[in-house]
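Take a look at the structure set out below.
The values are calculated or read from the model by the stated rules, or taken from the named source; none is laboratory data. The structure displayed is predicted, hence computed values, not measured ones. Using ideal geometry, Cβ is built from the backbone for each residue, glycine included, and neighbour counts are taken over all protein chains shown.
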Amino acid sequence: MPIQHEILPERGAVISRFIAEIDDAEFVTGYRRLYADPMWRPGMDEIADLRDCRLVGLTAEGLEEVAMHLGAILEEAGVESRSAILSPSILVVGMARMYELLVGSNPETVHVFEEVGPMLEWLDRPDDPVLLARLEQGTTAV
């Protein structure tokens, strides 16, 4: 699967690793699968690790569909969430910033980072050994 989600309920977080090529269908399907997983809870922080992917055929429509779907879930639950997007690629950062804009007034706050350290600080988790290990080793669940 081009998007692998590791849900860490004890940390209130999800690490989503994007690998290979990602298009609208993979993006939407991957996130609908995450939101249907019984271990996932609205309001969990998400780290979207886009360091090992290529966005091929991912459009504003696909980004908007996921943003609106998550927004509706968060509004119904009455919670907010934070999504940190990690990518050093200028093209991927551009798509991530588009997602950040599409979120608009949803109860999801999105920020794009090029490095792990500032990202974990933004999430108020600068010394979290589990998240650091997962991000350094690239360990995610299938």
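Brief remarks follow.
- Residues of the range 49-77 that are out of contact with any helix residue (DSSP H, G or I) (no Cβ under 9 Å at 6 or more places or on another chain) and either closer than 17 Å to residue 112 by Cβ or in a loop (DSSP other than H, G, I, E, B) (or both): 52, 56.
- Only a single item in (1) surrounded by 14 or more Cβ atoms within 10 Å (Cβ to Cβ); (2) in contact with a strand residue (DSSP E or B) (Cβ under 8 Å, 6 or more places away or on another chain); (3) under 23 Å from residue 134 (Cβ atoms) is not met by residue 41, and it is number (2).
- Some residue of the range 106-120 being crowded, with 20+ Cβ neighbours inside 10 Å, at pLDDT 85 or above and small (Gly, Ala, Ser): no
- Among residues of the range 5-48, those that are within 20 Å of residue 123 (Cβ to Cβ), part of a loop (DSSP other than H, G, I, E, B) and not basic (Lys, Arg), counted: 6
- Residue within the range 16-24 that is out of contact with any strand residue (DSSP E or B) (no Cβ under 9 Å at 6 or more places or on another chain) and of a type outside the set (S, T, N, Q) present: yes
- Those residues of the range 85-99 which are in a helix (DSSP H, G or I) and either in contact (Cβ under 8 Å) with a residue 60 or more places away in the chain or under 11 Å from the mean Cα position of the chain (by Cα) (or both), in sequence order: 96, 99
- Only one of the listed residues (57, 30, 62) is touching a strand residue (DSSP E or B) at 6+ places or on another chain (Cβ under 6 Å) and of a type in the set (Gly, Ala, Ser). That residue is 30.
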